[in-house]
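What follows is a single structure, written as structure tokens, with notes after it.
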Amino acid sequence: MNGIKYLEFQRLLRELQFVESDYLYQSEVLKLSDSEFLKNVDVILNQFPELKEIYIRRQDEIFKSIITKPSIESFEETQKLLPESTEVKKLYRDIVKTTHPDKIKNHKLNELYLEATQAYENNDLITLYKVCSELNIDFDLPDNYVDELGSKIQSLKRQISFLESTFTFKWIKSTTQDDKNRVVIEFIRSKIS
């Protein structure tokens, strides 16, 4: 791989790592805050019993309509059936030679082995390239790789933007109790309309 292409690859990998880290952080913050947010929703709904009844009825209708739709698990099963590429297999084998826990007793290398195994199982070429880079395993990047990496970064940025648009996120970022209550009321309105 030529020097400029390798530098661009390294820059994009670092950007991807940052964006992935930001996404994981935002997801965890929301996950930890969701129950507190929903408790606040209950507090507001308990102050208005008629509104609570409408809210519960509407949520039941939504729940019944969701039950008839295909599940996420069935989509994930379809994704796992994707054929693995020879490049994925080759990179994974190269990684396993230097990181397998039965051969190498190094915590960091064993973590890379686990990351590569998950990437292999998910047919995730980008992560395998990243692990190869960390291990200084020589590999050739396809010409469209920079575009694929850029697309993955943009996809994660869109997901972060979505997380930031959620009611829970707006509620977390609210600085006063009045602002938090406004977000809760806005959430309730969105659920009953």
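FYI, it's all coordinate maths here, none of it is from the lab. These numbers come from a predicted model, not from an experiment. No Cβ is skipped: glycine too gets one built from the backbone with ideal geometry, and neighbour counts run over all protein chains shown.
Before moving on, here are some points about what is shown:
- In this structure, the residue pairs whose Cα-Cα separation is over 32 Å, taken from K97/K157; K64/K152; K90/K152; K108/K180; K5/K31; K31/K52, are K97/K157; K64/K152; K108/K180; K5/K31.
- If you plug the beta carbon distance of S65 and N181 into 1/(1 + (r/R0)^6) with R0 = 30 Å, you get a FRET efficiency near 0.55.
- Length gained when the stretch E36-I192 is fully extended (0.36 nm per residue, less Cα-Cα span): 54.1 nm
- Sites Q154 and L7 - FRET efficiency at Förster radius 25 Å, r taken between beta-carbons, to 0.05: 0.75
- Mean residue ellipticity at 222 nm, helices only, the chain: -27000 deg cm²/dmol; runs of at least 4 DSSP H residues each add -39,500 (n - 2.57), and the sum is divided by the number of residues.
- Folded to 0 to 90 degrees: helix 3-47 orientation relative to the chain principal axis, Cα: 20
- Taking the C-alpha atoms only, the angle from helix 49-67 to the longest principal axis of the chain is near 40 degrees.
- Point-to-point label distance, F162-Q17, nm (Cα→Cβ direction, 7 Å offset): 2.6
- Linear extension gain, K173 paired with E134, 0.36 nm per residue minus alpha-carbon span: 10.4 nm
- Mean separation of Cα contacts under 8 Å (6+ apart) over length of the chain, as relative contact order %: 36
- Dipole orientation for the chain: of the candidates P49, I126, T166, P49 has the Cα lying most toward the positive pole (charges on Cβ; Lys, Arg +1; Asp, Glu -1).
- In degrees, nearest ten, helix 125-134 long axis to first principal axis of the chain (Cα): 60
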